[in-house]
Amino acid sequence: MIVLAIAIASLGLGYLFFTQLWWKLPPDFGCRNDFTRGGLCFFLQHSVDEADASNKLLKAEIVGSSPGPELSVPIGWATQLNAAFIENFVQPNIRWFGYVIWATEAWIFLSMCLGFFSRLGALAAIGISTQLMIGLAHTPNEWEWSYILMLLLSIAMFGLAPGRYFGLDRLLRPRLKVLSERGSRVGRLLLLFT
């Protein structure tokens with residue numbers, strides 16, 4: 001039963017990233033007007049524009065009255081850092097960085113669904129999910145828990161290494177263990193990612 005639950009969670013995370021590939025296909029990633037509007041460019045700009053928004057996650061009103069006491073985690077420093085990275089590095093290089101984003105999400109899909117280097121795929125999912133959570137979860141019309149849950153599922157997949165239960169990692173691990181036991185650093189590293 002546990003293996004089935006891990007398989008369903010892994011396939012679910014993979015399918016989530018699969019569904020996000022199609023609205024930002026290369027070579028223009030859904031962007032229009034010389035890579036300034038629409039598609040992936042819209043969400044990148046939205047992260048920059050909203051960097052000064054409420055900048056809080058896990059908001060919980062303790063008393064039902066408004067305004068009332070509130071618990072939250074301040075993330076202003078992270079949203080500012082994220083916006084600076086997007087504005088100064090990603091946006092000026094979107095013509096090639098868009099391929100990096102798209103290929104990473106495609107890798108996550110393949111890794112989670114085939115159980116192939118599943119910990120590496122989960123690590124990539126942690127990175128993408130963290131960036132999305134920091135950049136978008138606090139913005140208007142976004143449900144912060146969708147990004148938080150995506151990050152938590154990615155962390156769980158990293159810890160559980162789903163490919164060890166089903167998928168290609170199950171076949172790769174014995175071979176990589178032999179390489180690792182012979183002193184191969186590459187074998188040891190690859191074994192960590194399965």
Among [x] 83, 52, 37; [y] 53, 39, 23; [z] 59, 48, 29, the entry that matches Cα extents along the principal axes in Å as calculated here | [z]
Just going by the charge dipole of the chain, with Lys and Arg at +1 and Asp and Glu at -1 on Cβ, which of Ile94, Leu11, Thr194 is farthest out on the positive end?
-> Thr194
Using only Cα atoms, tell me the angle between helix 144-160 and the longest principal axis of the chain; keep it within 0 to 90° and round to the nearest 10.
-> 20
Counting only heavy atoms of protein chains, what accessible area per residue, in Å², does the chain have with a probe of 1.4 Å?
-> 56
At 0.36 nm per residue, minus the direct Cα-Cα distance, what do Glu87 and Ala53 gain on full extension? Give it in nm, one decimal, please.
-> 10.6 nm
Which residues in the range 133-153 place their backbone N less than 11 Å from a point set 7 Å from the Cα of Trp77 along the Cα-to-Cβ direction?
-> none
Kindly express, to the nearest 10 degrees and within the range 0 to 90, the angle between helix 2-19's C-alpha long axis and the longest C-alpha principal axis of the chain.
-> 50
Summarise the accessible area of the chain (1.4 Å probe, protein heavy atoms) by the percent that is carbon and sulfur.
-> 68
Just by accessible area at a 1.4 angstrom probe, what is the order of Trp22, Trp102, Trp145, Trp77 from largest to smallest?
-> Trp77, Trp22, Trp145, Trp102
Be a star and scan the range 70-102 for residues whose amide nitrogen sits under 16 Å from the point 7 Å along the Cα-to-Cβ vector of Leu152.
-> 72-73
Counting only the heavy atoms of the protein chains, how much of Tyr15 is accessible to a 1.4 Å probe, in Å² to the nearest 10?
-> 130
Stretchable slack from Trp143 to Leu21, in nm (0.36 nm times residue separation minus alpha-carbon distance) = 41.9 nm
Val178 versus Ala60: modelled label distance in nm, points set 7 Å from Cα along the beta carbon direction = 5.2
Might you work out the accessible area of Glu144 for me, using a 1.4 Å probe with all protein chains in place, and round it to the nearest 10 Å²?
-> 20
Most to least accessible of Arg185, Arg95, Arg173, Arg164 (protein chains only, probe 1.4 Å) = Arg185, Arg95, Arg164, Arg173
Relative to the chain, whose Cα atoms define the longest principal axis, helix 169-181 and its Cα axis are tilted in degrees, nearest 10, by 70
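The values are calculated or read from the model by the stated rules, or taken from the named source; none is laboratory data. Everything numeric in this text was worked out from a predicted model, so none of it was measured. Cβ: placed from backbone, ideal geometry, glycine included. Neighbour counts: every protein chain shown. Accessible surface is based on the protein model in full, side chains and every heavy atom, while ligands, DNA and RNA are left aside. Shrake-Rupley method; radii C 1.70, N 1.55, O 1.52, S 1.80 Å.
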